[in-house]
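The numbers here are math on the coordinates, done by the rules we state, and not lab data. Model, not experiment: these values are computed from the prediction. Methodologically, a virtual Cβ is constructed for each residue, glycine included, from the backbone with ideal geometry; neighbour enumeration extends over all protein chains shown.
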Protein chains: 2
Amino acid sequence: MPTNRQIVLAARPAAEAKAEHFALREVETPALKAGQVLVRHHYLSLDPYMRGRMNESKSYAQPQPLNEVMIGGTVGEVVASENPKFKVGDQVVGMGGWQEYGVVDAEVPGMLRRVDTTHVPLSYYLGAVGMPGVTAWYGLTQIIAPKAGDTVTVSAASGAVGSAYGALAKARGCRVVGIAGGPEKCAYVINELGFDDCIDYREHKDYLSLSKALKQACPNGIDGHFENVGGMVLDAVLLRTNEFARIAVCGMIAGYDGAPLPMVNPALILVNRLKIEGFIVSEHMELWPQALEELGGLVAHGKLRPRETVAQGLESAPEAFLGLLKGKNFGKQLVKLV
Amino acid sequence: MPTNRQIVLAARPAAEAKAEHFALREVETPALKAGQVLVRHHYLSLDPYMRGRMNESKSYAQPQPLNEVMIGGTVGEVVASENPKFKVGDQVVGMGGWQEYGVVDAEVPGMLRRVDTTHVPLSYYLGAVGMPGVTAWYGLTQIIAPKAGDTVTVSAASGAVGSAYGALAKARGCRVVGIAGGPEKCAYVINELGFDDCIDYREHKDYLSLSKALKQACPNGIDGHFENVGGMVLDAVLLRTNEFARIAVCGMIAGYDGAPLPMVNPALILVNRLKIEGFIVSEHMELWPQALEELGGLVAHGKLRPRETVAQGLESAPEAFLGLLKGKNFGKQLVKLV
């Protein structure tokens, strides 16, 4: 069995997450038991939710245990199998974590899924046709539920969730406006992802200024919003909501480090009769097949071609992850392990 | 035709509403046209939403026009009629405003409704079996939608909305915990309204302290909350919500005067996968008959006997209203005009 390199959570950040909170270690891969398969990971997914797991306090689901392999989605290839349902060479997606190899109890439902790479590149199963894509799908279709002609917005528009959201919203006849950081990302959101407009939040010193830009980009107001960030962006969007607008809250990345960020004017919930709903996509597994089918179709037909930022080698994962939290990535952040 | 006394909005408050923003005037009652009826108002309803209407800025529906009769619900008796559907002596509920007499175009649907006072006192049609009661019903049944055994909370628990909410929640097998201002109100909420517990927010200097008290009163957490106030109370409640809790936002009275009050920790929307929804009960008229039937039944069977605070005479309305905004009333605030 091969030697396996892993990255574990070495310490919990008190405020900002740093490289020192992670540690690399090398272990021997145990022999497979009946029902298990050994997966060689080709790509590791880095996602904002991981920052929440690093805290001890109540957050998404369970905290990441200390000195254990960091949680994370992975795609790869079966290299050894003691399970009749998987054979060597199968391409699979799972939650292998930050390591080069994963030993998977493939009998447990949901642990490992075989995927078809004829029309969809393997890495996309971690992004557009994976958890981030389904996240966009859930928020848009199950919470915002727009009708054709609605104006819908999304923060972190150039990212994995935002890019899928744009394609899904355009497919429903919406005007879709993104919010992203920097002129390069905004140009990409408009020119490559097909958004109707995109606002660079870095050009705005406060939420009132950002809100004015939103007014121009959304002349008919905002009917639905998908929140990946929180803070100033959410405050600015709320000021531009139409009555009965729906806000899907998927991320509050702006508040992960340190003190909670307030919402400036919650009275708008009442004034505009808003519905604001938080969700975690892994709690709605029954809808994944339907979502993945639509997302796979969009990719196969060239309507969703998201960009990826790929860091090379397991040892690059912590820096790539910290960059992601600061918005340094461009599109889906991956780590290539082979 | 009788001389009519009216109270009009004389000026818009820049911050705190004061008596000087109102003016009393006397006018002649015009002769009735075909289809109209003249109603002598017995009671005028005072409600927190009126404060929102006094502002020029976007708030609930339209602002109250300057130098026109203040908007408000009224119950009274028909004293003259040019409408075949109403006869002198009919007891009616309508939106007559802050005046002693109202000339009503009784042909217009929803302007005037005849009520039966056999089992329900006339004044209750402004409270428990009127707009405040339906407000509680809508938030509880349409947004919170609790199941038996759920813990549900409400701010301003001793008021017209809160008292109806308590009876409706108990009828559904919930544990219901109120939040109110002062020991006398809390004792009333528990002993007379039948709540399981009530917390005096005045005993708490900040939301963290109030939240600790909520933890004791709600040992299984909070599954649903009805917000009449906003600010510190909402912040405290959010900290104690269970996953998938529902928050019906009906009032943000705490923020009506002056600067908006922030929500301290909106990330809880995500962490606990909350649904927060604002509503205005007048936008859901199709549900009123169903709600009024249940509320009338609770009153007729002695399960809802809300207290009223009655100011005497039209000229007392401004002070009574300003007192309501400061929580000086006890139960439904009315002005008796006859």
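Considering only B:Met50, B:Met252, B:Met285, the Gaussian network model of chain B with Cα springs below 10 Å gives its largest mean-square fluctuation to B:Met285. Selection among B:Phe279, B:Val249, B:Gln290 by position relative to the dipole of the range B:236-338 gives B:Val249 as farthest towards the positive end (Cβ unit charges, Cα centre). For A:Phe279, nonlocal amide neighbours, meaning residues 5 or more places apart or on other chains whose placed amide H falls under 5 Å from its own, are A:Val249. Remark: chain A carries a charge dipole of roughly 520 debye about the Cα centre, counting +1 on each Lys and Arg Cβ and -1 on each Asp and Glu Cβ.
Taking amide hydrogens as placed 1.01 Å from N in the peptide plane, the amide H of A:Thr309 sits under 5 Å from those of A:Phe330, A:Lys332, A:Gln333, A:Leu334, each at least 5 positions away in sequence or on another chain. Label-point distances for B:Ser282 to the equivalent site in the other copies, using a point 7 angstrom along Cα→C-beta, read 4.7 nm when ranked shortest first.
A Förster radius of 30 Å combined with the Cβ-Cβ distance from B:Met285 to B:Phe244 puts the calculated FRET efficiency at roughly 0.55. Here the range B:131-282 carries DSSP beta bridges of which approximately 0% are antiparallel, counting only pairs with both residues inside. Ellipticity at 222 nm from helices only: DSSP H runs of n ≥ 4 in chain B, each -39500 (n - 2.57), divided by the residue count, give -7000 deg cm²/dmol. Applying a 4.7 Å cutoff between beta carbons, the unpaired cysteines of chain B are B:Cys174, B:Cys218, B:Cys250.
Each of A:Met95 and B:Arg202 was given a label point 7 Å from its Cα along the Cα-to-Cβ line. The distance between the two points is 5.0 nm. Between copies, the label points at A:Lys33 (set 7 angstrom from Cα along Cα-to-Cβ) are spaced 8.6 nm, reported in nanometres from shortest to longest.
The convex hull around the C-alpha trace of the range A:131-282, projected and averaged over every direction, spans 8.2 square nanometres. The HN-Hα couplings worked out from phi for the range B:23-37 by the Karplus form 6.51 cos²θ - 1.76 cosθ + 1.60 (θ = phi - 60°) are 9, 9, 9, 10, 9, 7, 7, x, 5, 6, 9, 4, x, 8, 10 Hz, whole numbers, x standing for Gly and Pro.
Simple point charges give the picture: +1 on the Cβ of Lys and Arg, -1 on the Cβ of Asp and Glu, and for the range B:131-282 a dipole about the Cα centre of about 340 debye.
Each DSSP beta bridge with both residues in chain A is either parallel or antiparallel, and the antiparallel ones are about 55%. Taken one residue at a time, the phi angles of the range A:149-154 give Karplus couplings (6.51, -1.76, 1.60, θ = phi - 60°) of x, 5, 9, 10, 10, 8 Hz. Gly and Pro are set to x. Give me the percent of DSSP beta bridges within the protein assembly as shown that run antiparallel, rounded to the nearest 5. Approximately 55 percent, going by the DSSP bridge assignments.
Scalar couplings 3J(HN,Hα) for the range A:206-212, obtained by applying the Karplus form with A = 6.51, B = -1.76, C = 1.60 to θ = phi - 60°, are 8, 5, 5, 5, 4, 5, 5 Hz; x denotes Gly and Pro.
If R0 equals 51 Å, the separation of the Cβ atoms of B:Val79 and A:Lys18 corresponds to a calculated FRET efficiency of about 0.05. Taking Cβ atoms as reference points and 10 Å as the exclusive limit, the residues near A:Lys170 contribute a net charge of +2, counting Lys and Arg as +1 and Asp and Glu as -1.
Which entries of A:Lys215/B:Lys147; B:Lys33/B:Lys336; A:Lys332/B:Lys212; A:Lys215/B:Lys275; A:Lys215/B:Lys212 show an alpha-carbon separation above 30 angstrom in the structure shown? Violating the 30 Å Cα-Cα cut-off are A:Lys215/B:Lys147; A:Lys332/B:Lys212; A:Lys215/B:Lys212.
Treating r as the C-beta distance of A:Thr117 and B:Gln142 and R0 as 35 Å, the FRET efficiency rounds to 0.15.
Placing +1 on each Lys and Arg Cβ and -1 on each Asp and Glu Cβ, with no other charges, gives the range A:8-71 a dipole about its Cα centre of roughly 160 debye. Since only A:Pro266, A:Ile190, A:Ala160 are under comparison, the one whose Cα sits farthest along the positive direction of the charge dipole of the range A:131-282, derived from C-beta charges on Lys, Arg, Asp and Glu, is A:Pro266. Label-point distances for A:Pro13 to the equivalent site in the other copies, using a point 7 angstrom along Cα→C-beta, read 4.4 nm when ranked shortest first. What the pair-distance distribution of the range A:34-157 shows, using all Cα-Cα distances binned every 5 Å from zero, is 2, 10, 17, 18, 17, 14, 10, 6, 3, 1, 0 percent.
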